[in-house]
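First comes the structure, then the notes that go with it.
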Amino acid sequence: MTLVKLRVLVLAAAAIAAGAAGAPAADKIRVVTTTTDLKALTEAVGGNLVEVDALARGNQNPHDLEVRPSLMMKVRRADLLVMNGLELDQWAEVVVQGANNSKVTPGAPGRVDASQGISVLEVPTARVDRSMGDVHPVGNPHYTIDPGLAPTITANILEGLARLAPASRPAFEQNRREFVARLDQQMPAWTAALEPFRGAKVVQYHPIFVYFFTRFGLVKAGSIEDRPGIPPTPDHLVRLIAEMKQTGAKLVVVEPWNDVKLADRVAQEAGAKVRVLAPSVGALKEADTYIGMIDYNVRTLAAALR
Ligand SMILES: [Zn+2]
């Protein structure tokens, strides 16, 4: 072999290695989650034994994600699919159908519903017709932003990972214990930061912070949306503003993708202020980790209510 040929071979091998650097190693469990919160929590349990990709970006409203071929490509290669459930991410079923990956179809071992065991809030008492546009037909699906529920969520994820890699169960358990311990360490500070505002009334644009508010003693005082996912009518806004004046609600929280200008107008009329919270990991640059997201929301609320 000539020296030139050898160099070409070496360069080619280096190029392949460089190309492979971004791809998951063959021995890692390839996990796809629908949301970035579930990605962060899966990484916390899976550690270096998993390669995790989320279908929704942190700055996308997970209620209405556009199903694209690129999402199907991600799911096609997945060993495990972790879903939020409670009809937040129904669109993922369309992605799964398009991906044609039997490992992650409903009921397959490679499927995790992270909502298992969660006490669902705001379950409608009357039947909700989804054709009316209500996007919470089986109750409020936004449980992942309550750090007090992370132990349950990570336990569900752990079971899914251990089904695929039973020999790694002790490693997953160790990772999960360490993560839950870190949350436990933070929880007293978060609780203390919001304790002075127990009972404070907060208006939401969309009822996304219900589990979070319940955890920390804040009171949900109406939503700008008429019903979840349904744009407000002028009548609804007039009623909401009157209620806010009556109950003394001084804060409106919004998600980055909401109509912040509309929230500003409502707040101005009612004598309240508006704050953007992080509804998911990566929604704001200050909220790029799970604990960072909780921390940002606690600090922002405490500062706004002071
Ligand atoms: Zn929602």
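The values are calculated or read from the model by the stated rules, or taken from the named source; none is laboratory data. Because the structure is predicted, anything quoted here is derived from the model rather than measured. In this analysis, Cβ positions are derived from the backbone assuming ideal geometry, glycine residues included, and neighbour counts consider all displayed protein chains.
Structure values in brief
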{"read-out": "Test: residue in segment 51-60 that is more than 25 Å from Ile118 (Cα to Cα), at pLDDT 95 or above, among the aliphatic types (A, V, I, L, M) and not in a loop (DSSP other than H, G, I, E, B)", "value": "no"}
{"read-out": "Ile230, sole failed condition from (1) under 26 Å from Leu65 (Cα atoms); (2) more than 16 Å from the ligand (Cβ to nearest atom)", "value": "(2)"}
{"read-out": "Count - residues of segment 68-86 that are part of a loop (DSSP other than H, G, I, E, B), in contact (Cβ under 8 Å) with a residue 24 or more places away in the chain and not aliphatic (A, V, I, L, M)", "value": "4"}
{"read-out": "Identity of the residue in segment 265-284, touching a residue at least 12 places away in the same chain (Cβ under 8 Å) and in a helix (DSSP H, G or I), that ends up surrounded by the fewest Cβ atoms within 10 Å (Cβ to Cβ)", "value": "Glu269"}
{"read-out": "Filter result for Glu225 (surrounded by fewer than 18 Cβ atoms within 10 Å (Cβ to Cβ) and among the charged types (D, E, K, R))", "value": "no"}
{"read-out": "Single condition Ile241 does not satisfy, out of (1) surrounded by 18 or more Cβ atoms within 10 Å (Cβ to Cβ); (2) farther than 24 Å from Ala303 by Cα; (3) of a type in the set (Val, Ile, Thr)", "value": "(2)"}
{"read-out": "Options Ala162, Ala167: the member that is farther than 27 Å from Leu86 by Cα and not β-branched (Val, Ile, Thr)", "value": "Ala167"}
